[in-house]
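Heads up: the structure comes next, in structure tokens.
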Amino acid sequence: MELRTDEFTLRDFSFNCGDSLPELHIHYRTLGEPVHDASGRVCNAVLILHGTTGSGAQFLKPSFAGELFQRRQLLDAEKHFIILPDGIGHGRSSKPSAGLRLEFPRYGYLDMIRVQQLLVSEGLGVDHLKLVLGTSMGGMQTWLWGIHYPDFMDYLVPLASLPAEIAGRNRMIRKMIMDSIRTDPAWRAGNYIEQPPGLINAIHLLIMMTSCPRHWQKEAPTREAAEAFLAERIRSYAGALDANDMLYAFAASEDYNPAPDLGRIKAPLLAINSADDQVNPPELGIMEAAMERLPQGRYVLLPIDEHTRGHGTHTLAGLWKHHLVAFLAGGDA
């Protein structure tokens, strides 16, 4: 399974906000090679989209790649052409922290999927995708792919997402994350020398947003263990995140609202969420209402058990891959 990394550059790219960049660099990873069918169309390409503050590298971990990409597995990299981009503002793609800071254009999810489509079609010469699969932010972008490029893929699989405008508790926490950064005097309108303390406050909220009470109780059953667990999570996030990048990444969701356009989706769609996901709580009923508008839509809600990890269940492919197997085979899990 040979991993390749490269960069796709878009010149004079215009964002929906009206701003532009002379060069927009999109970093990506690929596994495998494209295969063409008798008509010359690529028939084995798979696009996998990551979550907020993440990158395509997260799908190379054993909990994901080890369950799906190995020989004779569902998305065997010897038979599939797997595309793992870093979204705008994430990973090793162009982002505010690369130098422009707040001069970086305000991007949204619609910009992100447009760039992904250009990477696939122009950068990699892929004219059709067998599957678009995404987790969290990538799950939301998977819904948008189905709406804006309805003929480009055979199947859609959004995980840990809801097909509706981000509102309620979800939006409130996102705004608190952004406000924690913007209202910190040390942020200095994005011109800080060291990461501002507001970043740690934002990380606190992110930790609570994606928390998993049952699993965390097991991992940290005492006061000392809980405090050590929290300290390690803060250290991990703080070592990887930049305040401006985080601010932009959470603001990017503000143009997300697929609900009015769900009827434009043509491809069969499998939505998978976990019942302990506090970002996308099942009691909202949003997914059930959406499925009524999708003749080829199917919804799987994974029950809470000792293996689920709340929002993070989306990258534990061993917990849901049997549903994906059945879906791609046209059956039931």
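The values are calculated or read from the model by the stated rules, or taken from the named source; none is laboratory data. Computed from a prediction, not measured in an experiment: that's the story for all the values here. Positions of Cβ are backbone-derived with ideal geometry, glycine not excepted, and every protein chain shown enters the neighbour counts. Note: accessible area is taken over every heavy atom of the protein model, side chains too, but ligands, DNA and RNA are not part of it. Shrake-Rupley method; radii C 1.70, N 1.55, O 1.52, S 1.80 Å.
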message: Leaving out ligands and nucleic acids, and using a 1.4 Å probe, what accessible area per residue does region 151-192 come to in Å²?
response: 44 Å²
query: Using 1/(1 + (r/R0)^6) with R0 = 22 angstrom and r between the beta carbons of Q296 and S121, what's the FRET efficiency to the nearest 0.05?
result: 0.40
field: Projected area, mean over directions - the chain, Cα convex hull, nm²
entry: 17.1 nm²
- prompt: Give me the Kirkwood hydrodynamic radius of region 155-260 in Å, from all C-alpha pairs, to one decimal place?
  reply: 15.5 Å
message: With only alpha-carbon pairs counted, each pair once and no self-pairs, how large is the Kirkwood hydrodynamic radius of region 64-190 in angstroms?
response: 16.9 Å
message: How large is the accessible surface of K79 in square angstrom, using a 1.4 angstrom probe and rounding to the nearest 10?
response: 140 Å²
task: State the percentage of accessible surface on the chain attributable to carbon and sulfur atoms; use a 1.4 Å probe and exclude ligands, DNA and RNA.
output: 51 percent
- prompt: Can you list the residues, at least 5 places off or on another chain, whose amide H is less than 5 Å from the amide H of L49, using H built in the peptide plane?
  reply: L133, G134, T135
query: What percent of all Cα-Cα pairs in region 54-138 falls in each 10 Å bin, counting up from 0?
result: 15, 43, 31, 10, 1
- prompt: Between E2 and E227, what is the label-to-label distance in nm when each label sits 7 Å out along the Cα-to-Cβ direction?
  reply: 5.3 nm
message: Averaging the inverse of every distinct alpha carbon separation and then flipping it gives the Kirkwood radius. What is it for region 210-333, in angstrom units?
response: 17.2 Å
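Take the residue pairs K95/K130; K130/K175; K175/K218; K266/K321 and return only those whose Cα atoms are more than 32 Å apart.
Correct reply: K130/K175.
I'd like to check one number: the per residue accessible area of region 1-112, probe 1.4 Å, reported in Å² as a whole number.
Counting only protein heavy atoms, the per-residue value for region 1-112 is 45 Å².
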Helix-only mean residue ellipticity at 222 nm for the chain, each DSSP H run of n ≥ 4 adding -39500 (n - 2.57), per residue, nearest 500: -9000 deg cm²/dmol
statement: For region 18-30, Karplus-derived ³J(HN,Hα) couplings (6.51, -1.76, 1.60; θ = phi - 60°; whole Hz; x for glycine and proline) come out as x, 7, 9, 10, x, 9, 10, 9, 10, 7, 8, 10, 9
- request: Write down the accessible area per residue of region 237-333 in Å², having rolled a 1.4 Å probe over the full set of protein chains.
  value: 42 Å²
- prompt: Pick from G134, G125, G51: which is most flexible by mean-square fluctuation in a GNM of the chain where alpha carbon atoms under 10 Å apart are linked?
  reply: G125
query: Summing +1 for each Lys or Arg and -1 for each Asp or Glu, what net charge is found among the other residues whose Cβ lies under 14 Å from the Cβ of L302?
result: 0
- request: Go through region 69-74 residue by residue and turn each phi into a ³J(HN,Hα) via Karplus (6.51, -1.76, 1.60, θ = phi - 60°); whole Hz please, and just put x for glycine and proline.
  value: 9, 6, 4, 6, 8, 4
- request: Please build a GNM for the chain, connecting alpha carbons under 10 Å apart, and tell me which residue among G40, G54, G139 fluctuates the most.
  value: G40
message: Suppose each label sits 7 Å from its Cα in the direction of the beta carbon; what would the I207-N16 distance come out to in nanometres?
response: 3.3 nm
